[in-house]
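What follows is one structure encoded as structure tokens, with my remarks underneath.
No lab work stands behind these numbers, since they all come straight from the coordinates. Everything numeric in this text was worked out from a predicted model, so none of it was measured. Backbone-built Cβ (ideal geometry, glycine too); neighbour counts: all protein chains shown.
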Amino acid sequence: MNTLSLHLLIPTALHLRSSRAASPSFPRASSPSSLRITSSSNLRADDSQSIESQTLEVLEWRALCNQLSPFASTSMGLSATKTADIPVGNSPEESRSLLDETAAALAAMEAMEPRGLGLSEILDLSEIVERAMAGQLLTVRELCAVRGTLMAASSVFEKLQRAANSDKRVTPLVKILEGCDFKTTLEHKIGFCIDSNTSVILDRASEDLEIIRSERKRNMETLDSLLKKVSTKIYRAGGIDRPTVTKRRSRMCVAIRAIRKRLLPGGVVLSVSSSGATCYMEPKEAVELNNMEVRHAYSEKAEEMAILSILTSEVSAAQRGILHLLDRILQLDVAFARASHAKWMNGVYPKLTKTLDMDDGDGASLAVDIDSVQHPLLLGSVLGSIPDGGSLFPVPIDIKVEIRSKVVVISGPNTGGKTALLKTLGLVSLMSKSGMYLPAKNRPRLPWFDLILADIGDPQSLEQSLSTFSGHISRIRQILNIASENSLVLLDEICSGTDPSEGVALATSILRYIKNRVNVAVVSTHYGDLSRLKDNETQFQNAAMEFSMETLQPTFRVLWGSTGESNALRVAKSIGFNGRILENAHEWRERLKPEQEVERKGSLFQSLVEERNKLNLQASKAAALHRDLMNLHRELEHESRDLEKREKALFKKETQKVQEDLSSAKSKMQKLVAEFESQLETDTYGIIKPPILYQYQRKGRKSKVVVISGPNTGGKTALLKTLGLISLMSKSGMYLPAKNRPRLPWFDLILADIGDPQSLEQSLSTFSGHISRIRQILNIASENSLVLLDEICSGTDPSEGVALATSILRYIKNRVNVAVVSTHYGDLSRLKDNETQFQNAAMEFSMETLQPTFRVLWGSTGESNALRVAKSIGFDGRILEHAHEWRERLKPEQEVERKGSLFQSLVEERNKLNLQASKAAALHRDLMNLYRELEHESRDLEKREKALFKKETQKVQEDLSSAKSKMQKLVAEFEKTVTADQYNSLILKTEEAVADIIEDYCPKDLLLTEEEGYSDYSPQAGEKVIVTGLGGKLGTVVEEPGDDETVLVQQGKMRVRVNRKDIAPLPRTKTTETPNRSLRSKRQVSMKELGSVLQMQSEPVRIQTSKNTLDLRGMRVEEAIYQLDMAVSGRESGSILFIIHGMGTGVIKELVLQRLSKNSRVSRYEQANPMNHGCTVAYIK
């Protein structure tokens, strides 16, 4: 083949321009895969990508871009709109250019509508060019696609030029394709070599191809003539029914009967029919001609491959120009799609300003001025389904933000359209940046925002350990990290999902922080305090969603400059909520309302708070004085006891300790045997016990509603989901991932309201979505149902939310099996105080690590700790400091007692304490004199005790060591591997050996010294002990011994730190102590004087000690009656008895009051009050 022939036949190539096509007048806008429009290397890339992708998702930008898909003409445009990969302006100038392109496309559509532009003929050549660049040979069809696209692109440019000549508005579209290389030379080469209609390479493509094809044609004619003659000859000789010429194995041949093959001497059989009756033979005369045909076919194929290879290299060389042309065609296609979209929704051209306070010389007082804008997605769904359903169109809203305003606070009713307003503003800002017209009226005016950042919806995530609140705070932290002075920030329900007081404080601090750091921030809230920020700062602006008092429905219109109410109860009524629940909610709201309306700086309230603080200080001082006096009194009384009796009591106590150690060893042995038996049973049978399901039957005072409080991200939602899932698992026969033997009721229905049910399509806000779910739950729940409610009645005004939640819980307590709710409303945890069907629980929070521990404290109440959680997430420290200040301003109002019972009791207690303090001062002087006398006499007693205790300690230690060695020997022998036959006999033998050890080392008269006997004793937290350093007083260990060998002990309301050697364990049996008859004289006289001083008071001193306190908590009814009667009968005349019955179901409390009223020794009694929760005081005659 002549290698030059191809280039001789193809027209001379035109001189190509630079491989990089000329750039347009401005850089191409960036892809909207990120809302990060401007480069800011100093910002955190991770936070930027995360919050920007989340903002795109919550604003539903991809769904809006999908509205452009039906209007795209090319496959490239369809793909870009489907994936939301349309251009977004990097600057105000670029966004205005995109808008001008949209306007130009509208003008071009008017001018060329009859004949069209022809963009649909342009194909996406990116994969073809990529294959050419990779060295892969392009097919004939692919080269035809390249030629057709280049021709179509050139035709589009010519049409736009003609339209621009008649209408200058089309000029921006012409500029898009100006400077593009349409690769005319490449298009001509492909057209010269290939027939696009038949997809065949033409003979003129090369000189060799033309010669080969002509020679092959002559050879085929000769071969065909020869075979026809041979076939006719065979037919005439009876070798075949009719003459047949065909091709087998790429060679020409004739058909002949197998029995007549002799008619073709020297022929070659190429194939046989399936029956074997017919053979296909190549005559000897045709062999050379067939060989020639094969050679010509191979030569033709090789020449065609060479032509395709040259054309492929031409396409590869034009790669940059082709891709640049396709890029511009895509930009043109998207511009026409935007124009068609604008025409479809009757959009208008927006006016963009550079900065918020930019006046543009038109004297406008509004930075954002948009009239009658409709949510584009809601409008699109209506236009796509019911074009003429005018009544179904979304309500148009006006957005008016003043130039001086930086933060807009939107309040108003639930389901009123606050979230829709935020999303609408975010979407129209994005639309204006990307060159799209807005579904509004007149001429919309808004700033150009470099970043649109939003926190909308529920970011709750179990996988990332994010609660509703911590998810919001994490988003806001990311927003504050990357927001600039040209950014738009949208925050829905700011700082909701936590304790209202902390939520208001943190939200206030955040808004005051961002007011000078962003272009515009628009926030929605149900906190009325945020609307009052405008009173002191001009950078704040209020707005409210209108609510019709006639129809009790929101109108979805915005009242700029106004503040609105949540109207939660009215919204619940419109949804169809139970009327009785709403009536009770109104009653609860009236109870809460006065507290909410207290002025924070009112003089009366301030004076009450100051008076309360003074009373608290005086009461604490008086209580401390009385504790000191009573401690001295008990210490003197203890020192006056007989020494010999004390020694016997100590010896008996140590004997019991030895017995307890031996009993402990025996119990360990028994436990080891039990574990061995359990392990043996498990290994033998391999049985895992399933959960126990039982049919729940209502009992009198069983808990029905569990109220869970605690910190954000503490695991409340995870607890609800876990309970729901394991209930479903047990119903479906699945084993539970738990320990021991789980026990739970069988629930007929498991109903949950968890997560954010917000929906623009269904006109549901966060609150109304929750209320709709709860209404459905209450309609179908039965007495055997499990109900799970997360953040009950959140997302609305706190006062209405508390009232409605309280009414709902009181309604369902007798209508379901179990209801578990999580909340940040502290009022709900107080329902247990008056109703036994409620139970509290709290998620634990570590004050050391400032992190939740995810453990449940049943029977407790917790705090939200919103500010600590925000700190652990990494929130800005300055914001948190301001939030703490705001919380302190709000705190006094939140802590006012509703009925003033605490204040009244403090006033009465102050008067009593003043009287008792004067008497106590005189008593204190007498006791100090008596104490000094007894201190001198007790010195010799301590020396005698130490010597005696040291001697007996050594003996006990030797006995214990011997017993321990024998026990260890028994344990080692028992742990040896035994057979099944030896198992029972080994157990009996071990038990007998343990009994012998206990009998041998159980002394009847063991003497131990106090100092050495307790040297190894280490008290545990929560253990009841005797504090010898305080006169043998009973106390509770609060903190275990530390490095300084001191122990923190609590006695009553007092906490003291004492040396560990001054701590002794409680004796197991009661010991009676008799007064020391040998100590008379002055000591006896002083004790009488002490009694006379105490009797000078008009009534007994109300000081609670371990001696005059009876704790009935945790006892059964029979045991409590017996202990109460014994305690009353054992008290001296004129004394006081403090009876602790707790705040549980109230059974013990009612029993105590009934027994005291009937007991003749009780003169009177006082029930529990704010100063003495869970305790009744009885006065003995």
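If you look at the Cα atoms of region 1108-1180, you get an Rg and a Dmax of 11.1, 32 Å.
Determine, for ILE726, ILE212, the number of other Cβ atoms within 10 Å of each Cβ, and report the residues in order from fewest to most.
Numbers: ILE726 18, ILE212 23.
Fewest to most other Cβ atoms nearby, the residues stand as ILE726, ILE212.
For region 206-295, the number of Lys pairs separated by eight or more positions or lying on different chains, with C-alpha atoms closer than 15 Å, is 6.
So for region 206-295, averaging the separation of alpha carbon pairs under 8 Å that are six or more residues apart and normalising by length, what relative contact order in percent results? Don't skip to the answer; put the middle values down first.
Numbers: 122 pairs, mean separation 23.5, N = 90.
Value for region 206-295: 26 percent.
Legend: distances between Cα atoms for LYS739/LYS832; LYS175/LYS441; LYS515/LYS871; LYS653/LYS1061; LYS406/LYS441; pairs beyond 19 Å are LYS739/LYS832; LYS175/LYS441; LYS515/LYS871; LYS406/LYS441. Exposure proxy for SER299, SER95: other Cβ atoms within 10 Å of each Cβ, ordered fewest to most, give SER299, SER95. Beta bridges assigned by DSSP with both partners in region 1108-1180 are antiparallel in approximately 75 percent of cases. The equivalent ellipsoid of region 161-279 has semi-axes of 60, 17, 12 Å, largest first, where each one is the square root of 5 times an eigenvalue of the Cα gyration tensor.
The coefficient of translational diffusion for region 209-363, derived via Stokes-Einstein from the alpha carbon Kirkwood radius under 37 °C and 0.692 mPa s, stands at 150 µm²/s.
Would you mind putting 827-837, 60-70 in packing order, based on average other-beta-carbon counts within 10 Å, highest first? Mind showing how you got there, number by number?
Working: 827-837: 16.8, 60-70: 18.6.
Final packing ranking: 60-70, 827-837.
Each peptide in 705-717, 742-754 receives the mean, over its residues, of other Cβ atoms within 10 Å, and ordering these scores from highest gives 705-717, 742-754.
Sorted on the mean count of surrounding Cβ atoms within 10 Å across their residues, most packed first, peptides 160-168, 97-105 read 97-105, 160-168.
When THR312, THR55 are ordered from fewest to most other Cβ atoms inside 10 Å of their Cβ, what list results? Let's see the in-between values first.
On the way: THR312 22, THR55 25.
Final ranking by Cβ density, sparse to dense: THR312, THR55.
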